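Each value in this text was obtained by applying a stated rule to the coordinates, not by laboratory testing. In this text the structure is predicted, and so the values were computed from the model without any measurement. Cβ: placed from backbone, ideal geometry, glycine included. Neighbour counts: every protein chain shown.
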Amino acid sequence: MSSAVRPRRSILYMSGANARTLEKAKSLPVDGLIFDLEDAVLPGSKAIAREQILGALTGGGYGKRELLIRVNAMSSPWGKEDVELVSQVKIDGVLIPKIESAAMLEEVLQALDVAGVDSQLPVWVMIETPRGVLRVEEIISASPRISCVVVGTSDLTKDLHARHVPSRQPLLNALAHCVLVARAYEVDILDGVHLSFKDYSGLRAACEQGRDMGFDGKTLIHPNQIDTVNAVFSPSKEDVEDARQMIAAWKQAESQGQGVCIFNGRLIEKLHVEAACRLVNLADAIANLEH
């Protein structure tokens, strides 16, 4: 897989309390899986969810998919035991919900250290409250371990007293702000879930909107959303070929001492080539993930 880009088009939440879905996920064409101990698990099922996640991850079989655990808040009755589970399994990252400040993040990082979790394990943070959005730069800049931001659009909509509308107009300012900060600190960012999992046209529209805003991918709540999300967040064959040809034209111009070149009637500068290289790297990484 390309060291420059890791595909995060589709990241699926799976309830740790549902053993059947944990097994089924091994065959799903998804880029990443979030083994959920938080919202998707009732209080009385937290213990069994931890046990089942431990068994699933110990047993393996998830291939090249990126694997994460979403823990409960450290202030909850379950946070400490969730973090201890993280220390017992091999995963690619831990997802922290409802982070609202650098101080909250530091509390989680300290808990991970106390539990003996690898200090290099990447941390993903969920921005899903107004305070989280307002302090997203403070949060992202607080630790070099943060590798991805997940916007929790459902909780954010609730806290804003907004409505779920197809245009997502009430969320656009917050979404754009989070993307801006994530890009400033060079971390990936994922769009929130589309709750109507049988609304395929609405899902596609939301994906296209998120892609055009700059999101790397989308979190999902149901396997039947995967194909649509992967399709929208994957570069098309035509775009990839165009990018490869652009890179070749640029290299030829550069070898002749030129700082710009004309390609298919367009003026091409280094910034365009950098974007083209990233697109090609993403396409190559996706191809590697799928084979």
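Each principal axis of the stretch 56-129 carries a Cα extent, and these read 36, 24, 23 Å when sorted largest first. Proximity of backbone amide H atoms, modeled 1.01 Å from N, is registered between M126 and I96, K98, I99, V150 at under 5 Å, excluding neighbours fewer than 5 places apart on the same chain.
Volume per residue of the convex hull around the Cα atoms, evaluated for the stretch 76-119, comes out as 75 Å³. Pairs of Cα atoms in the stretch 237-289 fall into 10 Å distance bins, from 0 up to the last occupied one, in shares of 26, 52, 19, 3 percent. Cα centroid separation, the stretch 242-291 to the stretch 1-68: 35 Å.
Between E269 and K158, what is the FRET efficiency for a Förster distance of 51 Å, r being their Cβ-Cβ separation, to the nearest 0.05?
Numbers: r = 44 Å, r/R0 = 0.86.
Between E269 and K158 the formula returns 0.70.
From the cross-link list K24/K80; K26/K198; K24/K46; K26/K80; K46/K98, which pairs have alpha carbons spaced over 26 Å apart? Those over the limit are K24/K80; K26/K80.
Full extension of the chain between A19 and S76 gives 18.1 nm of extra length, using 0.36 nm per residue less the Cα-Cα distance. Descending by average beta-carbon neighbour count within 10 Å, the peptides 155-161, 8-14 line up as 8-14, 155-161, the highest first. At q = 0.11, 0.12, 0.16 Å⁻¹, what log₁₀ I(q)/I(0) does a Debye calculation on the Cα points of the stretch 10-233 give, no solvent, two decimals? Relative scattering, expressed as log10 I(q)/I(0), comes to -0.50, -0.60, -1.13.
Work out, step by step, the length gained on full extension between F197 and V89: first 0.36 nm times the residue separation, then minus their alpha carbon distance; give nm to one decimal.
Values: separation 108, 0.36 × 108 = 38.88 nm, distance 3.05 nm.
Gain on stretching F197 to V89: 35.8 nm.
If you count the DSSP beta bridges with both ends in the chain, what percent of them are antiparallel, to the nearest 5?
In the chain, approximately 10 percent of DSSP beta bridges are antiparallel ones.
Springs join every pair of Cα atoms under 10 Å in this Gaussian network model of the chain, and among Q225, Q52, Q120 the largest mean-square fluctuation is at Q120. Residues with beta-carbon under 13 Å from that of I99, excluding I99: net charge, scoring Lys, Arg +1 and Asp, Glu -1? The answer is -3.
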